Amino acid sequence: MFKFDTTYRVRYSDTDKMGYMYYGHYSRLYEIARVESLRSLGIRYRDLEDEGIIMPVYENKSKYFVPARYDDLLTIRIFLRSLPSKRIVFDYEIFNEEEKLIHVGETTLVFFDQKKEKVVATPQIILNVLEPFFKE
C-alpha cells in the first residue's frame with residue numbers, strides 16, 4: 001500500500017457564508033493530494049501529458065463528517081490500496097488540526113491516450129515506482 005500526507009490551509013475564499021469550506025472544494029483537495037503524491041515519487045502530471053497520457057476522473061465519492069473552517073490547517077492523507085491497471089483508485093482521509101477525521105473520499109481515474117483516444121494500461125513509469133509499495 002502507498003500512503004502520502006500533504007497539508008492545506010483553508011483560505012477565506014474556500015468558505016461559504018456559514019464559514020465552512022464549501023463542499024465542492026474537497027475535490028480540489030483530492031487533486032492537490034494526487035499531484036503531490038505522484039510528485040513525491042518523481043512523477044509529474046505534466047510529464048505524462050507531454051507523453052500524451054491524461055488521467056480524467058471516472059468516479060468521485062465524498063463523505064463529510066465535520067466541516068473544515070477558515071484558517072484550519074488540514075492534513076490530506078492519500079492511499080493507493082492496490083496497483084493500478086487501467087484505472088487507479090485513490091482513497092482520501094482529511095483531518096483537522098486536532099487530528100480529527102473530518103472527511104473521507106475516493107476518486108477513480110483512468111489512463112487515457114489522447115492520440116489513440118482510448119483508455120490504456122497504466123504507464124510503466126507509474127508501475128515501476130509503485131510496485132515496491134505492494135511487495136510483501
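Values quoted throughout were computed directly from the atomic coordinates according to the rules given, and no laboratory measurement underlies them. These numbers come from a predicted model, not from an experiment. Note: ideal-geometry Cβ built from the backbone for every residue, glycine included; neighbour counts use all protein chains shown.
Contact order normalised by length for segment 2-134, with contacts defined as Cα pairs under 8 Å and 6 or more residues apart; what percent is it? RCO, segment 2-134: 29 percent. Length gained on full extension, Q124 to K86, computed as 0.36 nm times the residue gap minus the Cα-Cα distance: 12.5 nm.
Around the amide H of T15, modelled in the peptide plane, lie the amide H atoms of Y22, all under 5 Å away and 5 or more residues distant in sequence or on another chain. What the phi angles of segment 109-114 give under the Karplus curve with 6.51, -1.76 and 1.60, with θ = phi - 60°, is a coupling list of 10, 10, 9, 10, 7, 5 Hz, glycine and proline written as x.
Less than 9 Å Cβ to Cβ from F111, Lys/Arg counted +1 and Asp/Glu -1: what total charge do the surrounding residues give?
On the way: positive: K86, R87; negative: D113.
Counting the neighbours of F111, the net charge comes to +1.
Taking amide H as placed 1.01 Å from N in the peptide plane, the amide H of L74 sits under 5 Å from that of Y8, R9, V10, each at least 5 places away or on another chain.
Between 0 and 90 degrees, the angle of helix 26-40 with respect to the longest Cα principal axis of the chain falls at about 50 degrees.
Considering only S27, S40, S62, the mean-square fluctuation computed in a Gaussian network model of the chain, springs between alpha carbons under 10 angstrom, is largest for S40. Between S27 and K116, the FRET efficiency estimated from the beta carbon spacing at R0 = 41 angstrom works out to 0.90. Could you list, in their original order, any pairs among K63/K118; K3/K63; K63/K135; K63/K115; K61/K86; K3/K115 whose Cα atoms are separated by more than 25 Å? Check vs 25 Å cut-off fails for K63/K118; K63/K135; K63/K115; K3/K115.
Between L41 and T75, the modelled label-to-label distance comes to 2.2 nm, taking each label 7 Å out from Cα in the direction of the beta carbon.
Of I102, I32, the sequence from fewest to most neighbouring Cβ atoms within 10 angstrom is I32, I102.
In the chain, helices alone account for a calculated mean residue ellipticity at 222 nm of -6000 deg cm²/dmol, with every DSSP H run of four or more residues adding -39,500 (n - 2.57). Put a dot 7 Å past the Cα of R9, heading toward its Cβ, do the same for K135, and the two dots end up 4.0 nm apart. Test of understanding: extend the Cα→C-beta vector of E97 to 7 Å, then name every residue of segment 5-33 with backbone N under 17 Å from that spot. Zone members listed by number: 7-15, 19-21.
Annotation: amide H-H contacts under 5 Å for T122 (H modelled 1.01 Å from N, sequence separation of 5 or more, or interchain): K86.
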